[in-house]
Amino acid sequence: MRTLNERTGLAAAIEAARLAGALMRANLNEPKKINASIQHDIKLDLDVRCQKLIETHLAAFDAAVFGEEGTSGDPAAEFRWVIDPIDGTVNFTYGIPHACVSIALQRRGKKNYETIAGVVYDPFCDELWTATNNTPAKLNGQKIAVSKKTRLDESIISMGFSKNVETMNEMLPRMNDIIYRVRKIRIMGSAALSMVYVASGRFDAYIEGGVRLWDIAAGGLILERAGGEYWHQQASPDETYRLVANNGLLRKKLAPKSK
Ligand code: LIP
C-alpha cells in the first residue's frame, strides 16, 4: 500500500476527481440511466460509476470510504475518503453544467475525523479547488481568499433547500427574512460548489439546512484554508448537517431573527 498523508492523498484525489469529471463531461448531454427518483432528488447510474472510478484510483491507499454511493472498509480506520462523486446530480441530470466531484481525505483524531485534504472539481468550467490542512486553498493552482464584505446589502448569499419538506420548511422562513436584506440570493443546487464559491469570494455565504457530510467535507476545508468560517452543526446521526459557510464576517448578521 502507498504511504497516505495529506500530500499524497491530495495528489491522488486530484487525479481521481479529474477522471470522474471527464466521465461527467462526456455524459452531460447524453441520456442518463436513473436508478432512483423522488420529487426533489435523483440518483443516477453515473453517480455509482463515478464513485467506482474514484475508489479504484484510490485503492492503492489503506483507507475506508464514506461515500454517497456506498461505504466500505473499517469504520474505525485511521483514514477515510469522503466522496460525493457527482454533487449537483439533479442539475447534471437536466444537462445543467453546474455540478462537481467532491473528495475529502479525513484522518481519525482524538474525538472524530478531521479533514486533512480536500478537492472540489467542476469539469464544465475546468475549475479545480484544492487545500490541505497545512497549505493554502487554491483554485487552479492560484491562492484564493474569501470576500471582505461586512454589509449584507452588498452580499450574495447562496442557499440550499435539500430534498425533504422538513428542510424546506426550515429554510423558507430564513430565505424570506434574508432576501430583503442582501444584494442577491442564489440557489444553485450544488453544496460543494457553493462552498468553494464562498472560498473564492464569489459568494459571501452559503446556508443549507440538511446537507450530508460528503457534500461539504472537502469544501469545508477549502473554505477554512481560504480564511472563511465552516460553521456546521450535526442535525441527525446520519452525518446530516445544518450549515452556514461564510467569509467569517456575516454569520451573526444572517442568524434567524428571534421571534
Ligand atoms: C445535493 C446538494 C445540494 C442539496 C441537494 C443535494 P447531490 O447533493 O449538493 O446542496 O440541496 O438536495 O443533496 O445529491 O446532488 O450530491
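List of remarks:
- Qualifying residue in the stretch 251-258 (condition: at positive phi and of a type in the set (S, T, N, Q)): no
- L172 vs. criteria over 19 Å from R151 (Cα atoms), more than 13 Å from the ligand (Cβ to nearest atom) and over 13 Å from the mean Cα position of the chain (by Cα): yes
- Residue pairs whose Cβ atoms lie under 6 Å apart, separated by 6 or more positions or on different chains, with the first residue in the stretch 183-202 and assigned to a loop (DSSP other than H, G, I, E, B) and more than 8 Å from the ligand (Cβ to nearest atom) and the second modelled with pLDDT of 95 or more and of a type in the set (V, I, T), are R183/I156; S200/I144; G201/V146.
- Enumeration of residues in the stretch 90-149 that are basic (K, R), without any contact (Cβ under 8 Å) to a residue 12 or more places away in the chain and out of contact with any strand residue (DSSP E or B) (no Cβ under 7 Å at 6 or more places or on another chain): K110, K111
- Hits in the stretch 1-33 (condition: touching a strand residue (DSSP E or B) at 6+ places or on another chain (Cβ under 7 Å), surrounded by fewer than 13 Cβ atoms within 10 Å (Cβ to Cβ) and modelled with pLDDT of 95 or more): K33
- Contact annotation: residue pairs with Cβ atoms under 7 Å, 6 or more positions apart or on different chains, pairing a residue in the stretch 36-58 that is without any contact (Cβ under 8 Å) to a residue 40 or more places away in the chain with a partner that is part of a strand (DSSP E or B) and within 11 Å of the ligand (Cβ to nearest atom), are A36/K43; Q51/G67; Q51/I83; Q51/P85.
- Those strands (runs of 3 or more DSSP E) lying entirely in the stretch 59-112 with at least 1 residues within 10 Å of the ligand (Cβ to nearest atom) and either on the phi > 0 side of the Ramachandran plot or among the small types (G, A, S) (or both): 100-108
The values are calculated or read from the model by the stated rules, or taken from the named source; none is laboratory data. A quick note: this is a predicted structure, and the numbers were derived from the prediction, not measured. Counting neighbours? That spans all protein chains shown, and the Cβs are built from the backbone with ideal geometry, glycine included.
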